[in-house]
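As structure tokens, the structure follows; a few thoughts come after it.
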């Protein structure tokens, strides 16, 4: 058992010594995510989409007669709080799966506890390689990796005529993971990175970073930072006369970035890892739109689409597990979902590969903060 797990008293957790069959009338799914602070919109949107899907399932009778309960705790994007929340979810709430954790630093803080309890760690909202390599049997990624996003970003920049890129990255596990992915993708494509600069999480002190990036005269600036810092940098560089492109990875939270930028958002590109929420081309998109409307949720977003898709995928795993539900049986059931169709979006888990999707699509913020793709 890891030192972290032992220090939090997880030796007696169900699933560590013995994987007990769930006998309750409900299935508890645990989530720790930011519901307060500067990253609150990321956690809130994912949670809303997931709850809408779980509610739909519960209204139809649940899974093998059991209703799903999503127990969510606020960690304000603080890894120490995430670890404490996770211990509570596993010990007190007896969660059969951990679900929808938001952020690289926070997911890495919770991961040792998930491993100790051998509980599925499902659909973390991060593209970091640390959640993908080396292979970890309890981790199931529904979204594409930051490397997948970086490759797509550089391909799209090349199409628009860009010949090089500069990178702003957040000085934490998320930003460093994104920079590593972008560097790897740039080397693979022979696409020069002419400058990189770090910024502290959620900082708006961007003058020095903007000056350093602008001095390199990049054709485009890739943003691997929070929407607060990304928006501040865009404003500063545009004010200084920069006319190149800005593009961000999905974790920024496209809607939050658009809201923060206002009229200056037009033309900013964002890579996304789920289908366009306002589209109607697939069964999944239509199902999502109807469910959100029925639930009385007026605002659709990429974040809530990701939560909806993740919840739908997890429910399929629960159905495959059968009535005698345990953490170990759920792990095994999820590994049978090879090329599973979520409604025009395919997720694939096998016993030796838990990277469920490589789907990436480029979007752009248009006038009025509306997204186009």
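So, restricting to helices (runs of 4 or more DSSP H) that lie completely within the range 209-313, which ones have at least 3 residues that are surrounded by 16 or more Cβ atoms within 10 Å (Cβ to Cβ) and modelled with pLDDT under 95?
Because the criterion is at least 3 residues that are surrounded by 16 or more Cβ atoms within 10 Å (Cβ to Cβ) and modelled with pLDDT under 95, the helices (runs of 4 or more DSSP H) in the range 209-313 that meet it are 254-261.
Yes/no per residue for (1) closer than 20 Å to residue 80 by Cα; (2) touching a residue at least 12 places away in the same chain (Cβ under 8 Å); (3) part of a loop (DSSP other than H, G, I, E, B); (4) out of contact with any strand residue (DSSP E or B) (no Cβ under 8 Å at 6 or more places or on another chain):
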| residue | (1), (2), (3), (4) |
| --- | --- |
| 119 | yes, yes, yes, no |
| 130 | yes, yes, no, yes |
| 152 | no, yes, no, no |
| 166 | no, yes, no, no |
| 169 | no, yes, no, no |
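For the range 180-208, give me each residue that is surrounded by 18 or more Cβ atoms within 10 Å (Cβ to Cβ) and in a helix (DSSP H, G or I).
Matches in the range 180-208: 180, 181, 182, 185, 186.
Take the conditions under 21 Å from the mean Cα position of the chain (by Cα), part of a helix (DSSP H, G or I) and in contact (Cβ under 8 Å) with a residue 40 or more places away in the chain and apply them to residue 114. Does it pass?
no
What number of residues within the range 210-220 are touching a helix residue (DSSP H, G or I) at 6+ places or on another chain (Cβ under 6 Å) and under 11 Å from residue 168 (Cβ atoms)?
Qualifying residue count for the region: 1.
Please pick out the residue among 76, 83 that is out of contact with any strand residue (DSSP E or B) (no Cβ under 7 Å at 6 or more places or on another chain), over 24 Å from residue 356 (Cα atoms) and not in a helix (DSSP H, G or I).
76
Given the condition within 24 Å of residue 226 (Cβ to Cβ) and touching a residue at least 60 places away in the same chain (Cβ under 8 Å), answer yes or no: does some residue in the range 21-32 qualify?
Looking through the range 21-32, at least one residue is within 24 Å of residue 226 (Cβ to Cβ) and touching a residue at least 60 places away in the same chain (Cβ under 8 Å).
With respect to residue 175, determine if the residue is in contact with a helix residue (DSSP H, G or I) (Cβ under 8 Å, 6 or more places away or on another chain) and under 18 Å from residue 144 (Cα atoms).
no
Are any of the residues in the range 356-366 part of a loop (DSSP other than H, G, I, E, B) and surrounded by 23 or more Cβ atoms within 10 Å (Cβ to Cβ)?
Among the residues of the range 356-366, at least one is part of a loop (DSSP other than H, G, I, E, B) and surrounded by 23 or more Cβ atoms within 10 Å (Cβ to Cβ), which makes the answer yes.
Among the residues that make up the range 347-354, is at least one of them assigned by TED's automatic domain parsing to the domain that holds residue 130, under 21 Å from the mean Cα position of the chain (by Cα), in a strand (DSSP E or B) and surrounded by fewer than 23 Cβ atoms within 10 Å (Cβ to Cβ)?
Yes - at least one qualifying residue is present in the range 347-354.
Can you name every residue in the range 1-56 that is modelled with pLDDT under 95, crowded, with 17+ Cβ neighbours inside 10 Å and closer than 20 Å to residue 67 by Cα?
Once the filter is applied, which keeps residues that are modelled with pLDDT under 95, crowded, with 17+ Cβ neighbours inside 10 Å and closer than 20 Å to residue 67 by Cα, the range 1-56 yields only 22.
The values are calculated or read from the model by the stated rules, or taken from the named source; none is laboratory data. All figures in this text were calculated on a predicted structure; none of them were measured in a lab. Reconstructed Cβ throughout: ideal geometry from the backbone, glycine too, with neighbour counts over all protein chains shown.
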